[in-house]
Amino acid sequence: MGGLMKRQQRKTVWGKKAVHSALLAALAALLAGCSQPKEYQESSVYAMDTIMRFQVLASPDSNLEGVLRDEVQRVDLLLSATDPDSELYQLNHREGEAFTASQELADILDGCLEISRETGGALNIALYPVTQAWGFTTGDYHVPDAATLSDAMEKIHWEEIEMDGTQVWLPEGMELDLGAVGKGYLTDRCVELLRENQVSSALLDLGGNIYAHGRKEDGTAWRIGIQDPSGQGLVASFTAEDEAVVTSGTYQRYFEADGKRYHHILDSGTGYPVENGLESVTIVTDNGFLADALSTSLFVLGLEDSVTFWREQYPQVGVVWVTSQGEVYYTENLEDRFTPAEGITSHLVEA
Ligand code: AMP
Ligand code: MG
């Protein structure tokens, strides 16, 4: 009954006069749109500890920049491990046993745990105490002492995370870090907004998480390069269309101590940075979250195990591995659009 009342009231508000002025406003907007041809709008924002760059084909007065920026802030407030106002922070600093998460956070946690199960724990969102021990969360980088590290290692058993709908139970002392998937998840949300706003062409670079939306304005496909982990150049490039291209690499965050390099992707077994002869792994697929989760996971698995994993579980996804020797391995589903840089030794990985 209440609903019906509201509908009747609305009818009075939308009288003839209101409809008339709405039509005029729509016409004005249409004319304004005509006078403002679309061109690439470039903007950037600092969030999730990185620079995010947007290149979006839109009319200059479209305010897509503001729309994307608001979404970046919204997702950051959901997933930040360090912002006391974020939902993840509240989960990490829960009181009592159970925490009721939003549906959105619960879905992300579910998705992560699924990949953790599939990869035998290569992806471990419960590693936060160890990441903290290395100072990767604050920038106060240092090799942790053995006691601090073994203390942190007690709290990273992701198999003990329990979920029932949006209810989450974490063992005492456990804290989660969604750094391995956050930018990929945000990518998907931004792409959704591009689609809602009828954007036909855009290139997103969320701190190295690339998404090629549609094609370039001239009708050719976006070409994405894979960075040489040991230098400034590229080891390969390939075209991408409506795809995320996400790289996990040793060069993206690291510090040096006593002449040794320590990077930010950690092994749950040792608590130390993964050392398996890989420098980077790039995933190419239409889902940013999956690309981000898999880039970290395959990096941790190493070349041999991740090739097996790819063949068995994700043969539809494109993968590019760069080894410490500077050699490139790429999956055969990328073959017809993949160009290794001059002088780079490359190997095709068959399904
Ligand atoms: P990415 O750049 O997507 O590979 O994510 C790396 C980030 O994920 C790190 O900076 C840490 O915050 C976190 N991390 C490091 N090692 C792991 C791991 N084995 N599983 C899950 N997250 C990790
Ligand atoms: Mg990742």
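Using the structure shown, decide if Gly207 is at pLDDT below 95 and surrounded by fewer than 23 Cβ atoms within 10 Å (Cβ to Cβ). Here the answer is yes, as Gly207 does meet what is asked. The residue that is nearest to Gln325 (Cα to Cα), counting only those in the range 201-232 that are outside any loop (DSSP other than H, G, I, E, B) and free of Cβ contacts under 8 Å to residues at least 24 places away in the same chain, is Gly225.
Against the list (1) touching a strand residue (DSSP E or B) at 6+ places or on another chain (Cβ under 7 Å); (2) away from ligand 2 (no atom under 16 Å from the Cβ); (3) not basic (Lys, Arg), the condition Tyr254 fails is (2). For the range 265-324, a residue qualifies if it is of a type in the set (Phe, Trp, Tyr) and not in a loop (DSSP other than H, G, I, E, B), and the qualifying residues are Phe289, Phe299, Phe309, Trp310, Trp321.
With the requirement that a residue be in contact with an Asp or Glu (Cβ under 6 Å, 6 or more places away or on another chain), surrounded by fewer than 23 Cβ atoms within 10 Å (Cβ to Cβ) and within 20 Å of Glu192 (Cα to Cα), what does the range 244-288 give you? Of everything in the range 244-288, just one residue is in contact with an Asp or Glu (Cβ under 6 Å, 6 or more places away or on another chain), surrounded by fewer than 23 Cβ atoms within 10 Å (Cβ to Cβ) and within 20 Å of Glu192 (Cα to Cα), namely Asp286. Among the candidates Leu109, Leu149, Leu78, the residue that is buried (at least 17 other Cβ atoms within 10 Å of the Cβ), among the hydrophobic types (A, V, I, L, M, F, W, C), more than 22 Å from Arg253 (Cα to Cα) and away from ligand 2 (no atom under 16 Å from the Cβ) is uniquely Leu78.
Which residue is surrounded by the fewest Cβ atoms within 10 Å (Cβ to Cβ), if the candidates are limited to the range 289-322 and must be among the small types (Gly, Ala, Ser) and near ligand 2 (Cβ under 10 Å from one of its atoms)? So the residue we want is Ser297. Residue-level analysis places Val235 outside the set of residues that are within 16 Å of ligand 2 (Cβ to nearest atom), at pLDDT 95 or above and either surrounded by 14 or more Cβ atoms within 10 Å (Cβ to Cβ) or not in a strand (DSSP E or B) (or both). Within the range 238-264, the set of residues being touching a residue at least 40 places away in the same chain (Cβ under 8 Å), part of a strand (DSSP E or B) and closer than 30 Å to Asp151 by Cβ comprises Ser248, Gly249, Phe255, Ala257, Tyr262.
The values are calculated or read from the model by the stated rules, or taken from the named source; none is laboratory data. Because the structure is predicted, anything quoted here is derived from the model rather than measured. Don't worry about glycine lacking a Cβ; one is built from the backbone with ideal geometry, like all the others, and counts go over all protein chains shown.
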